[in-house]
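Q: One structure, as structure tokens, below. Some questions next.
The values are calculated or read from the model by the stated rules, or taken from the named source; none is laboratory data. Keep in mind it's a predicted model, so treat the numbers as computed, not measured. Positions of Cβ are generated from backbone atoms using ideal geometry, with glycine treated the same way; all protein chains shown enter the neighbour counts.
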Amino acid sequence: MTIEKLSGIMKSHGIIGAGGAGFPSGTKLNSDADTIILNCAECEPLFKLHRQLLATYTFEIMTALSHVKEAVGAKQVIIALKPSYKEAIDKVNYYLPSFNDFRISLLPKIYPVGDEIILIYETTGKVVKPGKLPITEGVIVYNVETMLNTYYAIEEDKNVTDKYITITGEIENPGTFKVPVGITVKEAVALTGGEKHEDCMYLGGGLMTGNIVMPNDVVTKKLNAILVLPKNSPIIQKRLAKSNINLQRAMSSCCQCRSCTDLCSRHLLGYPIEPHLFMRAVSKGMTSDTEAVINSMYCSQCGLCELYSCPQDLSPRALIGKVRDELRKNKVPTPETPSYTGVASDREYKLVQMGRLRSRLGVTNYYVPATLTEKEVKFKEVKIPMNQHIGPPAVPVVKKGDVVAKGQLIGSTEGKLGSDIHSSIDGKVIAVTDMYVIIKRRTDK
């Protein structure tokens, strides 16, 4: 299979990174790649779904990886996962003899080893330089669910209509569920038996990198988890804090201890980001120190600085995110030749262990088994966004009153960066805008 054919399949079948920013998967394919890495790190403290999918659909996922390897002409495929994912490791080892040039790489139990830049270093020893993409080091990284979707697209001509999500926290029955894209967060949480307490809020994504989502927000193709937490949880309160309050607290309390920089995962790989200098610049109004501010563009937003490192409980990540958004809005470019200092000689002594991180976050009691459930539940209605991916939104190709089948194209990205959107249920279109399509299930289905 050629790159062009596989890229076309990924685009037309709606395949994006099933987590994170939702980068269109086909655009990653490149003949310069010599290594394909399957990211099964699952470094967010409460995630379960990727190890579960790899253990359940091992052959399918490895088959998809072999298609990618063949298309780009890569020399090897690395399946990266942690030693504690024993069931997944056993299944991969069972199928390894059937796949040439595949190997397992056991990852350290640290955070954020699932960050592409950290993952590539831990599995290959290569460092993707600041401002560069993994392909500059000959590497392409895909996550587990993305490869499962790729298998179904190639082998069964199935479009992406469903999403696996881990739901845990203050709920009755934590689990990983397969749900149609476009159902509400509230409907997804109801599958667990409901919340234990009334005064809870939802975090979409991980504890470290996720954002608050509302009950009527919808499940997208890139949502990996819904975490139900008490409203007074420090993690929730961090997300609710306003930028001006974060700045005032930094002005009054930042002691320039350097902990945020010393433990910064990107800084330890030689990136020029130094959060303590950023905090000094913005809290003291040091407009002359533009380098500290511009170098914040290299932040991965992993959250270690504000949820683990800072002894004053400040919010470097949130402030960096706000400033970075403003820099991009004003089209401030990153340096053409950013400084790179090399991997820190003491990096191994500054890595943050997962068990310690869970303890610091106060979520050890939520780290419980979350069974994978694939029982189909028929939902009455879905609201499917057209902007689930990086790039311009898809353009709706249906109109109000149209009858659609599950898997039918409803949003096209032809000729643009992006990935097509498909109906997740059989039903009738009841509303169409530039940003979403609402479909109501047919009563005879």
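Q: What residue, among those in region 37-76 that are under 27 Å from residue 176 (Cα atoms) and of a type in the set (Lys, Arg), is modelled with the highest pLDDT?
A: 51
Q: Out of 416, 378, 406, 383, report the one residue that is among the charged types (D, E, K, R), assigned to a strand (DSSP E or B) and in contact (Cβ under 8 Å) with a residue 12 or more places away in the chain.
A: 383
Q: Residue 344: at pLDDT 95 or above, over 24 Å from the mean Cα position of the chain (by Cα) and either at negative phi or buried (at least 18 other Cβ atoms within 10 Å of the Cβ) (or both), yes or no?
A: So residue 344 passes the test.
Q: Please state which one of 308, 298 is among the hydroxyl-bearing types (Ser, Thr, Tyr), surrounded by fewer than 20 Cβ atoms within 10 Å (Cβ to Cβ) and either assigned by TED's automatic domain parsing to the domain that holds residue 45 or within 21 Å of residue 209 (Cα to Cα) (or both).
A: None of the others qualify; the one that does is 308.
Q: Out of all the residues in region 356-370, which are under 14 Å from residue 307 (Cα atoms) and surrounded by fewer than 16 Cβ atoms within 10 Å (Cβ to Cβ)?
A: Of region 356-370, the ones under 14 Å from residue 307 (Cα atoms) are 356-363.
Once the filter is applied, which keeps residues that are under 14 Å from residue 307 (Cα atoms) and surrounded by fewer than 16 Cβ atoms within 10 Å (Cβ to Cβ), region 356-370 yields 356, 359, 360, 362.
Q: Sort out for me the helices (runs of 4 or more DSSP H) sitting completely within region 171-264 that have 1 or more residues that are of a type in the set (Gly, Ala, Ser).
A: Answer list for region 171-264: 185-190, 243-253, 259-262.
Q: May I ask you to verify whether residue 189 is closer than 23 Å to residue 365 by Cα, touching a residue at least 40 places away in the same chain (Cβ under 8 Å) and outside the structural domain of residue 16 (by TED's automatic domain parsing)?
A: No, not satisfied.
Q: As an exercise: evaluate residue 39 against (1) in contact with a helix residue (DSSP H, G or I) (Cβ under 7 Å, 6 or more places away or on another chain); (2) of a type outside the set (Val, Ile, Thr); (3) part of a helix (DSSP H, G or I) and give the number of the one condition it does not meet.
A: (3)
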